[in-house]
Amino acid sequence: MTTPAGATRVRQEDRTRAMRARLLEATVECLVERGFSGTSTTLVSERAGVSRGAQLHHFPTKNALVVAAVEHLSDVRRDELAAAAAALPTGRRRTRAVLRMLGDHFASPLFAAALELWVAARTDEALMEAVAPLEQRIGRETHRMTVELLGADESRPGVRELVQATLDLVRGLGLADTITDDARRRRRILDQWADTLDAALATDPSTSGKDHA
């Protein structure tokens, strides 16, 4: 049975986790709305409803806060993709559904926040040390998930390159979406690429295109 002191400690730990979560979520929101240069620890603490003293206790510098937000962001992006993948249909038109899911993900605010960090990290060595390994891990996880969702056989020549080209395509479309709403054009491009993938990935070439009949 939990002692009063133990219960107090648990409640304090819960409050601390909740406070940190608010700070990290506020950081991501600021990155999306104001960019890296417009994000400050003061602005984040105000948005999170956390005192400056408490914020500085956990994250004494902007980079410390943003690095923690990078880790938080990577977990959120992974969970978001996993949830979307679990809801995908099977059978006909699955490839289109997979590509639209990836396209929507890379056009989301989470990707915009990640993009801000990539750009800032290019000229910030400390930030790059935190961002690079996380993005590499996310890239590997996203590639592996895409292979599974497409049922791609990477032992076949050229298939791995097709999967990589697919991810490069959706990232590029996501980048374009940060400048202007590109949803309609993105859907047309991804639907056409889905036909190309189905033809290229089909184990039996005679079945190519049947998913879109």
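The values are calculated or read from the model by the stated rules, or taken from the named source; none is laboratory data. Everything quoted here is computed from the prediction, not taken from an experiment. Please note: Cβ atoms are built from the backbone with ideal geometry, for glycine as well, and neighbour counts cover all protein chains shown. For accessibility, only protein heavy atoms count, side chains too; no ligands or nucleic acids. Shrake-Rupley method; radii C 1.70, N 1.55, O 1.52, S 1.80 Å.
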Using only protein heavy atoms and a 1.4 Å probe, report how much of I179 is accessible, in Å² to the nearest 10. 150 Å²
Can you compute the helix-only [θ] at 222 nm over the chain? Use -39500 (n - 2.57) per DSSP H run of at least 4 residues, normalise by all residues, nearest 500 deg cm²/dmol. -25500 deg cm²/dmol
Accessible area per residue of region 38-96 at 1.4 Å probe, in Å²? 49 Å²
Given [x] 34, 18, 14; [y] 39, 20, 15; [z] 35, 27, 12 as possible values of semi-axes √(5λ) of the Cα gyration tensor in Å, the one from the coordinates is [y]
Solvent-accessible surface ranking, highest first, for W193, W118 at 1.4 angstrom: W118, W193
Roughly to the nearest percent, how much of the accessible area of region 1-106 is carbon and sulfur, given a 1.4 Å probe? 54 percent
R0 = 35 Å: FRET efficiency of R93 with I179, Cβ-based, nearest 0.05? 0.75
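Around A85, with a cut-off of 15 angstrom between Cβ atoms, what is the net charge of the other residues, counting Lys and Arg +1 and Asp and Glu -1?
+1
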Result for region 98-213: accessible area per residue, probe 1.4 angstrom, in square angstrom, of 53 Å²
Per the 1.4 Å probe, what fraction of the accessible area of region 111-197, in percent, lies on carbon and sulfur atoms? 52 percent
Among 135-144, 22-31, the order from most to least packed when residues are scored by Cβ within 10 Å on average: 22-31, 135-144
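Rounded to two decimals, what ratio of Rg to Rh does region 62-136 give with C-alpha atoms and a Kirkwood Rh?
Details: Rg = 14.8 Å, Rh = 13.6 Å.
Answer for region 62-136: 1.09.
Evaluate the relative contact order of the chain (contact order divided by residue number), counting alpha-carbon pairs under 8 angstrom at least 6 apart; express in whole percent. Could you put the intermediate results ahead of the total?
Working: 170 pairs, mean separation 44.9, N = 213.
This gives 21 percent for the chain.
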